[in-house]
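The structure appears below as structure tokens.
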Amino acid sequence: MGYYLVPPVYRPPSEASSLILQVTLGCSHNACSFCVSYKGKRFRVKTWPEIEADIDAAKEYFPTATRIFLADGNAMVAETGLLLQVLNKLHRDFPYLERVGIYGRADDILKKTPEELKQLTEAGLSLVYYGLESGSDRILKMIYKGVNVAQIIEGGCKAMAAGLQLSVTVIIGVGGPELSEEHAKETAEAASAINPAYLSALTMLIPEGSYMDRKLKRGEFKLLTPEQTLRELKVLLENVSLENCVFRSNHASNYLPLKGVLNQDRDKMLAQIERALANPGLLRPEFLRGL
Ligand code: SF4
């Protein structure tokens with residue numbers, strides 16, 4: 001049997017050239033109001049024989065893989081024993097492997113003991129992609145994130161204490177215009193409390209058929225204008241306090257791609273935002289924005 005993936009498959013932009021291995025199918029939460037990624041996919045953790053066969057097939061095609069991403073939505077929910085089996089085999093079978101990434105939710109991490117997380121780090125799990133989305137509990141509740149800010153901070157710190165690197169995502173505009181200031185300030189506060197290695201800002205895009213889409217159509221939610229988006233990002237950057245955190249807003253959903261290290265490049269990025277506010281021609285046109 002060849003190497004194949006069960007669609008749809010999503011991975012972070014920085015895993016574009018990675019070998020993808022599905023440990024789970026779908027997302028165990030599958031309830032965030034802005035997300036339809038796995039709506040048609042029933043969640044399950046794949047069995048070890050299934051994963052083992054996938055790895056055996058994949059290594060025939062990509063024997064020199066240096067990066068592997070464990071999908072789907074929150075593969076970190078899988079039992080630690082299974083993840084250890086996966087990691088051990090990957091590091092045995094792919095001699096050039098340098099990095100293994102995974103999507104994880106706060107509740108997945110909080111269910112694991114510090115020892116389990118340490119075992120995962122020692123077995124070669126490197127990077128957890130971790131959605132903060134917002135530092136406002138009001139907004140997290142509104143989007144059905146299923147965890148609160150304190151849990152997200154606790155989960156993030158727990159993973160980092162075990163030696164895992166975190167890539168944290170926040171969503172500009174997720175609270176709409178009314179909660180923009182609260183969202184920017186409280187998200188900056190939560191991101192600072194985690195102090196991850198990477199922080200990425202996406203911009204709210206509402207997929208057709210999502211709960212958020214129905215709210216938008218009923219007039220119960222408003223998207224930010226490009227200018228409001230930049231102003232919210234500006235407040236967020238002004239308020240974060242991070243050490244050597246690589247910040248990116250280069251996702252296809254963003255109006256203005258930014259990249260720098262926080263805090264040291266804060267002023268440079270704020271100046272880029274100011275320039276774009278003064279010259280909207282610098283923004284990515286609406287038709288080029290996508291998920
Ligand atoms: S946890 Fe992630 S994949 Fe799952 S519903 Fe929320 S945004 Fe979608």
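Read-outs throughout are calculated quantities, based only on the coordinates presented, and are distinct from any laboratory measurement. Keep in mind it's a predicted model, so treat the numbers as computed, not measured. Because the Cβ atoms are built from the backbone with ideal geometry, glycine has one as well, and the counts that use them run over all protein chains shown.
For this structure, a couple of remarks:
- Kyte-Doolittle mean at least -1.0, axial Cα span of 15 Å or more - DSSP H helices of the chain: 48-61, 80-93, 149-161, 180-194, 226-239, 266-278
- Unpartnered cysteines - no second Cys beta carbon under 4.7 Å - across the chain: CYS27, CYS157, CYS245
- Here the residues PHE69, PHE62, PHE287, PHE221, ranked from fewest to most Cβ neighbours within 10 Å of their Cβ, fall in the order PHE287, PHE62, PHE221, PHE69.
- A quarter of the convex hull surface defined by the alpha-carbon atoms of the stretch 167-291 gives 7.3 nm² as the mean projection.
- Computed log₁₀ I(q)/I(0) - Debye formula, equal Cα scatterers, no solvent, the chain, q 0.09, 0.14 Å⁻¹: -0.43, -1.04
- Whole-number percent relative contact order across the stretch 13-282, with pairs defined as alpha carbons under 8 Å at least 6 apart: 15
- Most mobile of LEU117, LEU237, LEU97 in a GNM of the chain (Cα contacts under 10 Å): LEU97
- DSSP-assigned coil residues among GluC sites (Glu not before Pro) in the stretch 216-270, each with at most 16 further Cβ atoms within 10 Å: GLU220, GLU243
- Share of pairwise Cα-Cα distances greater than 25 Å in the stretch 106-251 is 29 percent (whole percent).
- Reach of LYS259 by Cα under 22 Å, taken over lysines that are not fewer than 8 positions away in the same chain: LYS185, LYS234, LYS268
- Potential extension, ARG92-ASN244 segment - 0.36 nm per residue separation minus Cα distance: 51.5 nm
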